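Asker: Have a look at the structure that comes next, please.
The values are calculated or read from the model by the stated rules, or taken from the named source; none is laboratory data. Note that the structure is a prediction, hence the values are computed from the model and not measured. Positions of Cβ are backbone-derived with ideal geometry, glycine not excepted, and every protein chain shown enters the neighbour counts. Each accessible area value is taken on the protein alone, full model and side chains, heavy atoms only, with ligands, DNA and RNA left out. Shrake-Rupley method; radii C 1.70, N 1.55, O 1.52, S 1.80 Å.
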Amino acid sequence: MDKVYGKHSVRAVLLTRPESVRRLVIAGKESYHEDLIDLARPAGIEPEFMPWPQFLKAGKFEEDDKHQGVFLHTDPRPLFNEGDLDSLADARLVLVLDQINDPQNLGTMLRSAAFFDVDALVFLKNRQADVTPLVARVAVGGAEFVKTFKVTNLARSLEKLKELGFWVYGLDERGEKTLAETEFDSKTVLVVGAEGQGLRHRTKEFCDALVRIPGGRPGVESLNAGVATAVALGELRRK
């Protein structure tokens, strides 16, 4: 089973897939968790209330885990692969990640994708951070609202998305046009590269256009990958 913790992440599970919940455990004042309890009980989920020492042991929490006194055990979150990409035929916006290694960045990207109503997130099975309980916690519930695809070959997946009618835009500081100057297709794939190195050369070859975020100065030439993704998605939704 998966462990989901933190109030926002738990709330997202109760809103999107309560049938998957096998256990809801709460510590602290019941009134603090009243909103979660009100979601759980109508779905047939009866919370377990524990004193703090027992709660920490049951959840196997580390000292730095921001659990906020609540966790769930659930069936594994639905996860798709490249064989399922056909299900995106009617999608409008897909975020593709090219070797994002920092779990904090991945969590931030998931949160941004959920906020800006991205239809799906596609990322590599290998050489990439995974959607762990920590990443789900950083995403503050965002992981529950975005369809997630873990693929073995990014180039092949981009080709498949093109076959479905998508136009592929790579976010690159050397892009010819800025986001604001670009006329995005009604079916858009946005590809974001790894921290530091950006998009791999192989990935760029499968992009129909490279676009950039305007700005920068000597010593601060680029943005953190998570921040850059939020800026780009915001611009896409503004158009």
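Asker: Which one is farthest from I37 (Cα to Cα), of the residues in the stretch 75-105 that are part of a loop (DSSP other than H, G, I, E, B) and among the acidic types (D, E)?
Answerer: Within the stretch 75-105, the first condition is being part of a loop (DSSP other than H, G, I, E, B), and the residues that meet it are 75-79, 81, 89-92, 99-102.
Okay, now just the ones that are also among the acidic types (D, E), so 75, 90, 102.
Numbers: D75: 19, D90: 36, D102: 33 Å.
This residue is D90.
Asker: Report those strands (runs of 3 or more DSSP E) wholly inside the stretch 144-239 carrying at least 1 residues which are closer than 16 Å to Q99 by Cβ and either at pLDDT 95 or above or open to solvent by less than 70 Å² (accessible area, probe 1.4 Å) (or both).
Answerer: Values: elements: 147-151, 167-171, 188-193, 209-212.
Counting at least 1 such residues, we get 147-151, 167-171, 188-193.
Asker: Which pairs have Cβ atoms under 7 Å, sit 6 or more apart or on different chains, and link a residue in the stretch 175-188 that is of a type in the set (A, V, I, L, M, F, W, C) to one that is in a loop (DSSP other than H, G, I, E, B) and surrounded by fewer than 16 Cβ atoms within 10 Å (Cβ to Cβ)?
Answerer: F184/K239
Asker: Is it the case that the stretch 88-98 has a residue that's in contact with a strand residue (DSSP E or B) (Cβ under 6 Å, 6 or more places away or on another chain) and open to solvent by 50 Å² or more (accessible area, probe 1.4 Å)?
Answerer: No - not one qualifying residue is present in the stretch 88-98.
Asker: Mind checking whether some residue in the stretch 60-74 is of a type outside the set (A, V, I, L, M, F, W, C) and in a helix (DSSP H, G or I)? Outline the logic, then answer.
Answerer: Of the stretch 60-74, the ones of a type outside the set (A, V, I, L, M, F, W, C) are 60, 62-69, 73-74.
If we keep only those that are in a helix (DSSP H, G or I) too, we end up with none.
No, there is no match, as no residue in the stretch 60-74 is of a type outside the set (A, V, I, L, M, F, W, C) and in a helix (DSSP H, G or I).
Asker: Still on this model: Counting only residues that are among the acidic types (D, E) and under 15 Å from A228 (Cβ atoms), which one in the stretch 82-114 is modelled with the highest pLDDT? Working first, answer last.
Answerer: Taking the stretch 82-114 as the starting set, the residues that turn out to be among the acidic types (D, E) are 82, 84, 86, 90, 98, 102.
Filter once more, so that each one left must be under 15 Å from A228 (Cβ atoms): 98, 102.
Values: D98: 95, D102: 91.
Selected residue: D98.
Asker: Taking into account only those residues within the stretch 99-112 that are open to solvent by less than 10 Å² (accessible area, probe 1.4 Å) and within 9 Å of the chain's Cα centre (by Cα), which is nearest to V4 (Cα to Cα)?
Answerer: For the stretch 99-112, the residue satisfying everything is G107.
Asker: Still on this model: List pairs: first residue in the stretch 56-83 and more than 11 Å from V4 (Cα to Cα) and open to solvent by 50 Å² or more (accessible area, probe 1.4 Å), second residue aliphatic (A, V, I, L, M) and at pLDDT 95 or above anywhere in the structure, Cβ distance under 7 angstrom, at least six positions apart or on different chains.
Answerer: Hits for this filter: N81/V151.
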